[in-house]
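The values are calculated or read from the model by the stated rules, or taken from the named source; none is laboratory data. Bear in mind that the values here come from a model prediction, so they are computed numbers and not experimental data. Positions of Cβ are generated from backbone atoms using ideal geometry, with glycine treated the same way; all protein chains shown enter the neighbour counts. The area values use the complete protein model at the heavy-atom level, side chains included, leaving out ligands, DNA and RNA. Shrake-Rupley method; radii C 1.70, N 1.55, O 1.52, S 1.80 Å.
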Amino acid sequence: MAFSRTFHWFGLALMALLPYVCQAQQITEIEFTTEEEQGEGHFIGNTADRSGLSREFGDNFQLLLFSAITQGNPNVQYLAINPANGIILTKKNIDRERICTKSPDCSIKVTIGVHRRSPGSTSTELLRLLQVTINVLDINDEAPTFEKRVVKLQIPENRPAGDELFTSVATDRDAEGPNSIISYKLVPSSPDFMVTTQATTDGFEDLVITVRSMLDRERQASYALEVVATDSGDPIQSGSVLINVMVTDVNDNEPQFGRNNYTVNVLENSDNDFPVVVVSATDSDAGENARLSYSLSSQAPQKIKATFTVDGDTGEVFSRQELDFEKEETYTFYVTATDHGSPPASASALVTVNVMDVNDNRPNIEVTPGRFDEVTEHGSVDKYLAHIKVSDPDSGVNGQVTCSIADPHFSLKPLDSPGFYKIILSKELDREEAAQREVEIRCRDGDVDPLEAIATLPISVRDINDNAPEFQPESLEGSVLEEQGANTVVMQVEAVDRDADENARVTYSLGTSQSDALFSIDPRNGVISTRGRRLDREFKEVYTLRVVATDNAPVGQRMSSTATATIRILDENDNPPRFTQQGFSTSITENRPERSPAGQVSATDADIDQNARFEFSIIEPLPEDRQGGPNDGSFFTINSQTGLLLSKQPFDREKKDVYKFSIKVADPAVSNYFDVANVTVTIDDANDHAPRLVKPPESERDFTCAFNRSVGDVLALFQAEDLDDPRFTEIMYSVRLGSGSGSSSNRADRKSTASSSSLFSMDPLSGNLRVKREIRPEDIGAHRLEVVVRDGTGPSAQSTVVPIMVTVAEGSEEEMSRFAASNDLDNNVTIVSVIVVCTIILAIIIIVVICLIRRVDRKRRGLAASTHPAPSSPSHQAQLDAKLYQAAQWVNTVTPTDPHQNGIKTRLEVPGSEKTSSGKKKKEVSFSLDDMVVESPDTSGSMKSVFSSRGKQDGLSYKQSQIILGNNINPPVRASLKLQLKVGYCDGSPNNMVRHAY
């Protein structure tokens, strides 16, 4: 790094001295050639070889250093010179068009200084300068480009062929020569245009678009031409431009209507806001030449101009006034369309408007009333009321009129003359339904969408007294405060009579009742008032009055009705609150926390709602009434609304068990409305004291018990006291082993302690400690006991435990020997008793077993007798029975040898007769075993009989047989196995074999 920095500064210094150095040093010119666009790291040339330095210096060539002189030469940035060997590479990509633009020759010049280092030193000396010229050759790397990608040109239509349009040519940045020679063509070719170039006076060229034939904008308004510019390089490069040729319009076309005649049918009552007809024309030109304006023909008569108008922009024809078929049935006129070209062109179309007749006249109704004053309700049926005349100026069905009356009380009767009708009363009228009636007559013509006319005939209905007054509402309720004076308005009742005039005027009165002395009613307006007697809500809260309403029809025709009026007496705060009792006794358990309930007082007020509100408080006594100490009421607070007493602190009954104070209940609205009561709060006992043993004193609680004390003797008397309430405290005594029992190392102590629990007892009520059983020699010694004193049996009971010591003293020799003899006698009696009891039990068991065996034996004999008939010879049968009985006895001796294994084996040995020396026949008893598994849903085992050996005994041969239980029986399965043992014997001959099964 230090060398590079030194070399850099040396290069700068060399540039400064270059003019002077060049005079003294030799300059070698070298020329290289390279193409542009070769990228970074491209090899340009070896200055050492080209200049001959490598041959000149030979082995000392490594002492040379090559460096470029960069100052004043910006093109050095494209080159990299290896300082060790002078090889020139491209440092950056060389773009010829950037360095030399359009110049035919392009080169990069750089001066390289060659320095020689002294061996063993870092100093160098300038040896030679190399003037290197690098010629950059052009390659066809630039395509022709147009100034704009899209060019817009205009030409009027109808111009002759050969007309020309001019635009800019393409440019190519490559050097002059084949790479920048450009040719043009249309892609694709066009029959209407061709492309050429034309030199300008300033030496440049224009691109020329020549029109080959006359253009018609109405046939095609625009052309999109793609001009492709191609150079002559290798490879060929090309570029293109899109030329949009717009053909401008010339007013060479007249407007054209869609049709020559427009005929429309219009209803005579059509809305003038909607067009009668719309005419439409088109013009093939463009712009102003195609914009059309519509108007009535200048030759149209004045009547047409007064009746119709044309919208100049849309061609909509409107009527200026309502068309009337009766005045004019058909209108014919011309509408002209004119464009805005210069000069303008125009065309006309014929319009025919046929006015269609519609039903536009309503029927005309003329009503002539008859000569009558009015119609009386509930009468005058079939009375003539009026006649009408109906006409319609329309003709045909539009002039045919029908009339009707919707009200069923009236009917319309036609007269002889067409269009004349009379109106009569067909049903009784009720004046209360309508005092004045408007008879509506409707007439309509016969059109599909008929027109209708309506006329009315007023009818007045005369009243008769046919309705009684009706109270509004039917339920009458009023109220008045108690203690009010005379003429106080309570309420107003109202009855309505649906009749008219005097028949509807109502007079009010009260029916006879006990309340008449308290209330009165105004006969004209129905106002109910008090008479002056005192009203007390607490005495009576609700009064009921019978109110009568009568109309003022002539006497004999009057009608009346009654209603019940309910008058509620509203409460006035006129009663003080009162305690429900003058003395309250409550209680609270001692030791309860602060704000615990201590009882509740109650009061009543004869008033109601807000007037019945009252508040409780505790009365503070006057100073002169206090007898020292705090007032009892100061220990409590009272809820002013509920009367609940709460404690201010825990109480101790043993200190004070009764608190007495006074309370007050007052009306918050009236200060002198109050009441006073006394409260006594008793403090209940909470059993907060454990009993205390007072007798015997603590120093006298070690007792001595003589050996000769009898059962029940009192050894000591214990007495305790309890500070709690004796009414709820019951002191009970008990005795138990002491906590230190059994810990003594003395043998006598341990022996006596073991029997202490059965030696002494305690009277639970009296507290007497007694001898519970007879004292024995092993009881001699000290007994540690605990006396437990409890003040009850519930969970709140408390107890006190007091340790005591009772020492049993030894008796005299006479007493001890007498006790030993008595004890031996007792032991002998006990042993004899046990032996007798065991003997009896064992005898019973033996008897039961013998009975069971005999019972089983009888069952088996019966089964054998039923299965095999008895032989004819009695002796032979006896012998058979004996053998079978012997075999049965052997079967009964079968016992399992290994109950923990899967297989169970039982060995049966059957003795028999062998062949005797006298040559008697051989007797052989054989056994076989059939197995049967019952009461088991899953038994996979089996029973097998296996003969293992033979023998002889008493003239009978026998076989040793093993009964094997198969080992596939599932141990968890409970099963009952029924074994059938087949026993047979013979007298030496298989034919004489006799078999029996058991």
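Calculate the FRET efficiency for Glu721 and Lys660 from the Cβ-Cβ distance with a Förster distance of 41 Å, rounded to the nearest 0.05.
The pair Glu721/Lys660 has a calculated efficiency of 0.90.
Pairs over the 24 Å Cα-Cα cut-off, from the set Lys656/Lys695; Lys102/Lys152; Lys102/Lys148; Lys303/Lys327; Lys540/Lys664; Lys695/Lys772: Lys656/Lys695; Lys102/Lys152; Lys540/Lys664.
Per residue, the accessible area of region 407-493 comes to 54 Å² when a 1.4 Å probe rolls over the protein heavy atoms. For Lys655, a cut-off of 15 angstrom between C-alpha atoms picks up these aspartates and glutamates, skipping any fewer than 8 places away in its own chain: Glu590, Asp632, Asp684, Asp685, Asp688, Asp722, Asp724, Asp725. When you count the other C-beta atoms within 10 angstrom of each residue and take the mean per peptide, 363-370, 282-289 line up highest first as 282-289, 363-370. Counting protein heavy atoms only, region 543-599 has 44 percent of its accessible area on carbon and sulfur, 1.4 angstrom probe. Taking a ≥ b ≥ c as the square roots of the eigenvalues of the Cα gyration tensor, an a/c ratio of 1.5 or more together with a/b larger than b/c marks region 447-533 as prolate. For region 518-667, the gyration tensor built on C-alpha atoms gives a prolate shape. Its axis ratio a/c (a ≥ b ≥ c) is at least 1.5, and a/b is the larger of a/b and b/c. Straight Cα distances below 16 angstrom link Lys305 to the aspartates and glutamates Glu316, Glu322, Glu328, with same-chain residues fewer than 8 positions distant left out.
Ordering 777-787, 694-704 by mean Cβ neighbour count within 10 Å, with the highest value first, yields 777-787, 694-704.
Estimated at 0.36 nm per residue, the fully extended path between Ser513 and Arg773 surpasses their Cα-Cα distance by 84.0 nm.
On region 245-291, 45 percent of the accessible area sits on carbon and sulfur atoms, based on a 1.4 Å probe.
Subtracting the Cα-Cα distance of Thr642 and Leu852 from their residue separation scaled by 0.36 nm leaves 67.0 nm. For the pair Gln302 and Val694 in one chain, pulling the backbone fully straight at 0.36 nm per residue adds 126.2 nm over the alpha carbon distance.
For the pair region 121-157 and region 184-254, the centres of their Cα atoms are 31 angstrom apart. For region 762-817, the share of accessible area belonging to carbon and sulfur comes to 50 percent (1.4 Å probe, ligands and nucleic acids excluded). In region 250-294, which residues have a backbone nitrogen under 19 Å from the label point lying 7 Å from Arg219's Cα in the Cα-to-Cβ direction? Only 250-254, 284-286 pass the distance filter. Straight-line cross-link partners of Lys92 among the aspartates and glutamates, defined as a Cα under 18 Å from its Cα and at least 8 positions apart when in the same chain: Glu35, Glu36, Glu37, Glu40, Asp138, Asp141. Per residue, the accessible area of region 14-146 comes to 51 Å², computed with a 1.4 Å probe over protein heavy atoms only. Over region 584-727, accessible surface divided per residue gives 56 Å², non-protein components excluded, 1.4 Å probe. With the simple spin-label model, which puts each label point 7 Å out from Cα in the Cβ direction, the Thr589 to Lys540 separation comes to 5.5 nm.
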